[in-house]
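Peer 1: Starting off with a structure, shown below.
The values are calculated or read from the model by the stated rules, or taken from the named source; none is laboratory data. These numbers come from a predicted model, not from an experiment. Don't worry about glycine lacking a Cβ; one is built from the backbone with ideal geometry, like all the others, and counts go over all protein chains shown. Keep in mind that these areas ignore ligands, DNA and RNA; they rest on the heavy atoms of the full protein, side chains included. Shrake-Rupley method; radii C 1.70, N 1.55, O 1.52, S 1.80 Å.
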Amino acid sequence: MTTGATVWLTGLPSAGKTTIAHELAGRLRGEGHRVEVLDGDEIREFISAGLGFSREDRHTNVQRIGFVAELLARNGVLALVPVIAPYQDSREAVRKRHQANGTAYVEVHVATPVEVCSERDVKGLYAKQAAGELTGLTGVDDPYEAPEAPDLRIESQNQTVQESAASVYALLSERGLA
């Protein structure tokens, strides 16, 4: 299995991006694929340490992640990237880098409504924002530009994690990537 690709899962905080990515990664590894999950929080800690959450810093972070994902993908790894990436132009720059190198790129919008994300509040970000302890929360008081034409849109509030991961898997299979 040598076909690599980047699967970029974009969406609001607590939308389910990372959970879906890990579920999908398990299935793909079970079939013998080389898979890496480039989690946004881990990348911020190790590759983008020192960056803040300004538009420029968010763009820089997304470009760094996109570079690493493309490098892995062109070397036969399925890079699953559950990262908010709130700006369309940042995501488009990553897509163009992949296209320029002939590397497969799939954009998945985990389109979970902010109300559902706020209820899930996996990291307590929405509670901190509501309490005035946090500003710049994507989708609340900082913009999130939803993809207009993603390769796949998942409404995670209407299906199980397994069903969401199966939807991504089906798309990868259709394209000869899984």
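Peer 1: When all C-alpha to C-alpha distances in segment 128-178 are sorted into bins of 5 Å, what percent of pairs does each bin hold, rounded to whole numbers?
Peer 2: So the P(r) values, bin by bin, are 5, 16, 15, 15, 16, 13, 11, 5, 3, 1.
Peer 1: How large is the accessible surface per residue of segment 72-146, computed with a 1.4 Å probe and reported in Å² as a whole number?
Peer 2: 46 Å²
Peer 1: Can you work out the FRET efficiency for the pair Arg29 and Val116, with r the C-beta to C-beta distance and R0 = 30 Å, to the nearest 0.05?
Peer 2: The computed FRET efficiency comes out at 0.55.
Peer 1: Right, next: Mind putting a number on the dipole of the chain about its Cα centre? Charges go on the C-beta only, +1 for Lys and Arg and -1 for Asp and Glu, and I need it in Debye to the nearest 20. It would help to have the intermediate numbers written out before the result.
Peer 2: Working: 18 positive and 25 negative charges, 118 e Å.
I would put it at about 560 debye.
Peer 1: Can you classify segment 94-178 as rounded, prolate or oblate using the Cα gyration tensor, where a ≥ b ≥ c are the square roots of its eigenvalues, rounded means a/c under 1.5, and otherwise it's prolate if a/b beats b/c and oblate if not? Walk me through the intermediate numbers first.
Peer 2: Values: a/c = 3.10, a/b = 1.66, b/c = 1.87.
Cα axes put segment 94-178 in the oblate bin.
Peer 1: Would you kindly state how much longer the chain becomes between Ala149 and Leu51 on full extension, computed as 0.36 nm times their sequence separation minus their alpha carbon distance, in nm to one decimal?
Peer 2: 32.4 nm
Peer 1: Provide the packing ranking of 45-52, 105-112, i.e. peptides ordered by the mean count of other C-beta atoms within 10 Å per residue, highest first.
Peer 2: Details: 45-52: 11.5, 105-112: 23.0.
In decreasing order of mean packing, 45-52, 105-112 become 105-112, 45-52.
Peer 1: Please report Rg over Rh for segment 1-98, where both radii come from the alpha carbon positions and Rh follows the Kirkwood definition.
Peer 2: Ratio of gyration radius to Kirkwood radius for segment 1-98: 0.96.
Peer 1: Using the Cβ atoms and a cut-off under 13 Å, what net charge is assigned to the surroundings of Asp39, where Lys and Arg are +1 and Asp and Glu are -1?
Peer 2: Charge balance near Asp39 sits at -1.
Peer 1: Could you give the length gained on full extension between Ala93 and Leu71, defined as 0.36 nm per residue of separation minus the Cα-Cα distance, in nm?
Peer 2: Value of the extension gain: 6.4 nm.
Peer 1: Further question on the same structure: Determine the sum of side-chain charges near Ala178: Lys and Arg each +1, Asp and Glu each -1, restricted to other residues whose C-beta is under 13 angstrom from that of Ala178.
Peer 2: +2
Peer 1: Among Leu72, Gly139, Ala149, whose Cα lies farthest out toward the positive end of the dipole of the chain, if unit charges sit on the beta carbon of Lys, Arg (+1) and Asp, Glu (-1)?
Peer 2: Value computed over the given set: Leu72.
Peer 1: Probe radius 1.4 Å, ligands and nucleic acids ignored: give me the carbon and sulfur share of the accessible area of the chain as a rounded percent.
Peer 2: Carbon and sulfur atoms account for 49 percent of the accessible area of the chain.
Peer 1: Most fluctuating residue of Leu72, Leu134, Leu28 in a GNM of the chain with Cα springs under 10 Å: which is it?
Peer 2: Ranking Leu72, Leu134, Leu28 by mean-square fluctuation puts Leu134 first.
Peer 1: Over every pair of different alpha-carbon atoms in the chain, take the mean of 1/r and invert it; report that Kirkwood radius in Å.
Peer 2: 16.3 Å
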